[in-house]
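The structure appears right after this line, and notes come after that.
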Amino acid sequence: MLNSYILIGYGLFLAIMLVVNLLYFFQVFKYRLPGDASIPVLSTHIFLVLLILVFSGIYIGIK
Amino acid sequence: MPHLIEEHINSNDPAFLYLNLHPGEEIKYAVRHHWAGFLTTLLIVLAMGLFPLFLLFAIGIGFTNGVSDFVPIITVLLSGYYIFLLTFLFGSWINFYYDIIFITNERLINVSQEGLLSRKTSELSLKQVQNVSAEVTGFLQSFFNYGLLIVETAGGGTTDDPHKPGLQGYFTITDVPDPNRLARVILEMHRALVGEEG
């Protein structure tokens with residue numbers, strides 16, 4: 001069901017999202033203030049994104 | 001609201017270097033927008049997150065043989081959609097959370113995050129303050145005690161509308177926690193500065 005074009009498109013989309021997220025991370029580390037909520041929120045964001053990537057990857061791999 | 005209005009700030013921390021504080025200038029207060037101001041965005045993202053699940057549920061009911069043949073492609077689409085949604089939410093949060101108002105013993109500095117890698121800093125000398133007013137309207141603002149802070153300055157304004165943020169003449173800041181207290185603080189600091197000179 002999943003042909004290579006779909007997977008290449010998905011890969012490209014993920015690459016763009018990675019670049020956007022890296023720019024946001026750069027912004028967080030440049031402008032965060034001591035003791036603010038930046039790092040907990042950033043960690044939660046990374047955890048959720050990885051959760052989606054890992055579970056969807058496993059699911060696509062099985063199917 | 002100690003986490004929204006910070007006092008006792010170490011002005012010499014390298015994190016404040018970008019503010020270019022004058023010699024002897026000290027940050028008295030660092031004020032962030034009230035979290036309730038982010039609720040609308042959060043609710044929209046939550047609704048957008050639930051929408052595909054309802055859609056899938058409806059499609060699953062509509063097709064008698066189910067959607068099992070399309071599961072891999074649906075997984076790819078859903079995964080991309082939720083990653084996009086999370087990135088959008090994170091970006092919106094940065095735009096919201098990184099808007100900070102610094103009240104120093106000389107100036108009012110409004111740092112406004114305006115999207116990816118775009119940041120605007122506007123400042124106002126406390127000596128130029130003419131009037132400060134606070135507006136708390138609606139149920140949410142009254143319940144959580146946040147609202148609009150309008151600082152009228154001595155400079156010539158480009159508009160008569162105090163509700164347009166960031167314009168000369170009016171220094172308008174939205175979703176400020178405890179705006180009445182901050183209005184009083186700004187006026188007291190203004191009077192102290194003018195009194196020192198007078």
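Filtered by the rule that a residue be at the interface with chain B (Cβ under 9 Å from one of its Cβ atoms) and part of a helix (DSSP H, G or I), segment A:28-39 gives A:28, A:30, A:31, A:38.
Applying a threshold of 8 Å to beta carbon distances and a minimum spacing of six or more residues, or different chains, the list of pairs starting in segment B:169-183 at a residue that is on the phi > 0 side of the Ramachandran plot and ending at one that is at pLDDT 85 or above and among the hydroxyl-bearing types (Ser, Thr, Tyr) reads B:175/B:146; B:178/B:146.
Can you tell me which residue among A:48, A:7 is at pLDDT 90 or above and not in a loop (DSSP other than H, G, I, E, B)?
Of the residues listed, the single one that is at pLDDT 90 or above and not in a loop (DSSP other than H, G, I, E, B) is A:48.
Would you confirm, using the coordinates I've provided, whether residue B:16 is assigned by TED's automatic domain parsing to the domain that holds residue B:150, surrounded by 14 or more Cβ atoms within 10 Å (Cβ to Cβ) and either among the aromatic types (Phe, Trp, Tyr) or touching a residue at least 12 places away in the same chain (Cβ under 8 Å) (or both)? Taking the combined requirement at face value, the residue satisfies it. Looking across segment A:15-27 at every residue that is within 7 Å of another protein chain (Cβ to nearest Cβ) and among the aliphatic types (A, V, I, L, M), the one that is surrounded by the fewest Cβ atoms within 10 Å (Cβ to Cβ) is identified as A:23. Of the strands (runs of 3 or more DSSP E) entirely within segment B:67-132, those holding at least 2 residues that are more than 10 Å from every other protein chain (Cβ to nearest Cβ), touching a strand residue (DSSP E or B) at 6+ places or on another chain (Cβ under 9 Å) and crowded, with 19+ Cβ neighbours inside 10 Å occupy B:100-104, B:107-113.
Look at (1) facing chain B (nearest Cβ under 9 Å); (2) part of a helix (DSSP H, G or I); (3) not β-branched (Val, Ile, Thr) and you find that residue A:2 fails only one, number (2). Take the residues in segment A:40-56 that are more than 20 Å from residue B:75 (Cα to Cα) and among the hydroxyl-bearing types (Ser, Thr, Tyr), then tell me which one is farthest from the other protein chains (Cβ to nearest Cβ). Filtering segment A:40-56 for residues that are more than 20 Å from residue B:75 (Cα to Cα) and among the hydroxyl-bearing types (Ser, Thr, Tyr), the one farthest from the other protein chains (Cβ to nearest Cβ) comes out as A:43. Taking the numbered list (1) farther than 21 Å from residue B:95 by Cα; (2) within 14 Å of chain A (Cβ to nearest Cβ) in turn, residue B:42 passes all entries but (1).
The values are calculated or read from the model by the stated rules, or taken from the named source; none is laboratory data. Note that the structure is predicted; figures quoted are calculated from it, not measured. Reconstructed Cβ throughout: ideal geometry from the backbone, glycine too, with neighbour counts over all protein chains shown.
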